[in-house]
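The values are calculated or read from the model by the stated rules, or taken from the named source; none is laboratory data. Source: prediction; values computed, not measured. Positions of Cβ are backbone-derived with ideal geometry, glycine not excepted, and every protein chain shown enters the neighbour counts.
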Amino acid sequence: MSPAQSAMLADLAAALPADAIVTDRDLIAPWETDWRRRFTGSAPAILAPSSVGEVQAIVRAAARHRVPLVAQGGNSSMVGGATPPADGGALILSLRRLNRIRRLDAEAGIAVVEAGVVLQTLHEAALDRGVRFPLTLGARGNATVGGLVSTNAGGTQVLRFGTMRALTLGVEAVFADGSLHDGLAALPKDNRGYDLDQLLIGAAGTS
């Protein structure tokens, strides 16, 4: 672990619950290898926030100490996009604990879900309300909504229902300086300025 990483974790120890900072190698190891086991990296720690405020605290600390973060959801990426670099220079920012369905309005056809909600969980919640979320894929038991949005996933019914870009009304995102973008207006037509939500969808963490 580098001095900058150690200093960052020391700062975060006062801001995060103890279980949000994972340094046990046995717990980290499964998340250092991608879904197809083609790419393996190394991360000295996993940071696992359970609220947007905790994500902001982590990102601000990373910016302050100049420590790279690799965002990760279900780790079902087929291209190594959620795998940390092999040199151990980055920490994993796990979003799996951001797993709440904040709102599911069957009549309006709108669901507001956090990044760590597993696709299958969303499917089941929608069916309980008598509706269906149409995007599905083989990794639905592992893939998270945040990853689906970030990669603009299409799934097996993409020709009929479109990609996540077509299914997403708005995005809430934490930027690299820790500021919060709130695009959850859920308006089908919104003419206000630049559409940052569409810029974020499919960006795979690069924007």
Output yes when any residue across segment 130-144 is assigned to a loop (DSSP other than H, G, I, E, B) and among the basic types (Lys, Arg), and no when none is. yes
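Quick test for you: out of Pro30, Pro49, Pro17, pick the one residue that is out of contact with any strand residue (DSSP E or B) (no Cβ under 6 Å at 6 or more places or on another chain), closer than 20 Å to Ala62 by Cα and either free of Cβ contacts under 8 Å to residues at least 12 places away in the same chain or surrounded by fewer than 16 Cβ atoms within 10 Å (Cβ to Cβ) (or both).
Testing whether each residue is out of contact with any strand residue (DSSP E or B) (no Cβ under 6 Å at 6 or more places or on another chain), closer than 20 Å to Ala62 by Cα and either free of Cβ contacts under 8 Å to residues at least 12 places away in the same chain or surrounded by fewer than 16 Cβ atoms within 10 Å (Cβ to Cβ) (or both) leaves just Pro17.
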Name the residues in segment 86-108 that are closer than 20 Å to Leu148 by Cβ, surrounded by 13 or more Cβ atoms within 10 Å (Cβ to Cβ) and not hydrophobic (A, V, I, L, M, F, W, C), would you? Ser94, Arg96, Arg97, Asn99, Arg100
Condition test on Ala111, is it in the same structural domain as Pro49 (by TED's automatic domain parsing) and of a type in the set (Gly, Ala, Ser)? no
In this structure, does Leu127 turn out to be modelled with pLDDT of 90 or more and either part of a helix (DSSP H, G or I) or small (Gly, Ala, Ser) (or both)? yes
Check Leu187 against each of (1) within 19 Å of Ala111 (Cα to Cα); (2) out of contact with any Gly (no Cβ under 7 Å at 6 or more places or on another chain); (3) modelled with pLDDT of 85 or more and name the one condition it does not meet. (3)
Looking only at segment 39-55, count every residue that is under 14 Å from Val70 (Cβ atoms) and hydroxyl-bearing (Ser, Thr, Tyr) and tell me the total. 2
If you take the residues of segment 109-122 that are surrounded by fewer than 17 Cβ atoms within 10 Å (Cβ to Cβ) and without any contact (Cβ under 8 Å) to a residue 60 or more places away in the chain, which of them is nearest to Arg160 (Cα to Cα)? Gly109
Only unsatisfied item for Met8, checking (1) part of a loop (DSSP other than H, G, I, E, B); (2) touching a helix residue (DSSP H, G or I) at 6+ places or on another chain (Cβ under 6 Å); (3) crowded, with 21+ Cβ neighbours inside 10 Å, is (1)
Among the residues of segment 52-85, the number that are in a loop (DSSP other than H, G, I, E, B), of a type outside the set (A, V, I, L, M) and exposed (fewer than 15 other Cβ atoms within 10 Å of the Cβ) is 3
